[in-house]
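Okay, so here's the structure we're looking at.
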Amino acid sequence: MSLDHVRSEISKLDREIIALIAKRQELAGKVAEIKIREGIAIHDGKQSEKVLATVFDRAVESRIDPVAVQEIFRILIGMSEDRQRGFSGEGNLP
């Protein structure tokens, strides 16, 4: 397998990751609609901690750096909350 082939495979995965992040953001908009309708706060510390604990465990099982994975998910959670704030009028929609 050549370097160019491996890089091409990585680029394909990068496109898939971006598509998944976009889908996650779309779902964050739906979460915002529910939270607004039900009067629930945007930030849910318990849910964030649950997600971070789960991804930590999954990273360990997958033998990848769990601390780095948690940092990625902290960013994703922040993006989701920003998206939700945009829907609620507390911020700007990206």
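The values are calculated or read from the model by the stated rules, or taken from the named source; none is laboratory data. Because the structure is a prediction, the values reported are computed rather than measured. Neighbour counts are summed over all protein chains in view; Cβ atoms, including those assigned to glycine, are modelled from backbone coordinates with ideal geometry. Surface areas here come from the heavy atoms of the whole protein model, side chains and all, with no ligands, DNA or RNA. Shrake-Rupley method; radii C 1.70, N 1.55, O 1.52, S 1.80 Å.
Say we look at segment 1-28 and pick out the residues that are free of Cβ contacts under 8 Å to residues at least 40 places away in the same chain and basic (Lys, Arg); which of these is farthest from ARG74 (Cα to Cα)?
Result: ARG7.
For segment 56-73, what are the residues that are farther than 19 Å from LYS23 by Cβ and open to solvent by 40 Å² or more (accessible area, probe 1.4 Å)?
PHE56, ASP57, VAL60, GLU61, SER62, ARG63, ILE64, ASP65, VAL67, ALA68, GLU71
Just one of PHE87, PHE56 is among the aromatic types (Phe, Trp, Tyr) and in contact (Cβ under 8 Å) with a residue 40 or more places away in the chain; which is it?
Every option except PHE87 fails the conditions.
HIS5 versus (1) assigned to a helix (DSSP H, G or I); (2) touching a Lys or Arg at 6+ places or on another chain (Cβ under 9 Å); (3) not hydroxyl-bearing (Ser, Thr, Tyr): which is the lone unmet condition?
(2)
If I go through segment 16-34 residue by residue, how many of them are in contact with a helix residue (DSSP H, G or I) (Cβ under 6 Å, 6 or more places away or on another chain) and either polar (S, T, N, Q) or exposed (fewer than 11 other Cβ atoms within 10 Å of the Cβ) (or both)?
1
Return yes when GLY91 is part of a loop (DSSP other than H, G, I, E, B) and at pLDDT below 95 and no when it is not.
Considered against the rule, which asks whether it is part of a loop (DSSP other than H, G, I, E, B) and at pLDDT below 95, GLY91 comes out as yes.
One line per residue, one yes/no per condition, for (1) hydroxyl-bearing (Ser, Thr, Tyr); (2) over 15 Å from the mean Cα position of the chain (by Cα); (3) part of a helix (DSSP H, G or I):
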position: ILE10; (1), (2), (3): no, yes, yes
position: ILE34; (1), (2), (3): no, yes, yes
position: ALA41; (1), (2), (3): no, yes, no
position: ASP57; (1), (2), (3): no, yes, yes
position: GLN70; (1), (2), (3): no, no, yes
position: GLN84; (1), (2), (3): no, no, yes
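When the residues of segment 35-55 are filtered to those that are β-branched (Val, Ile, Thr) and modelled with pLDDT of 95 or more, which remaining residue is surrounded by the fewest Cβ atoms within 10 Å (Cβ to Cβ)?
The residue in question is THR54.
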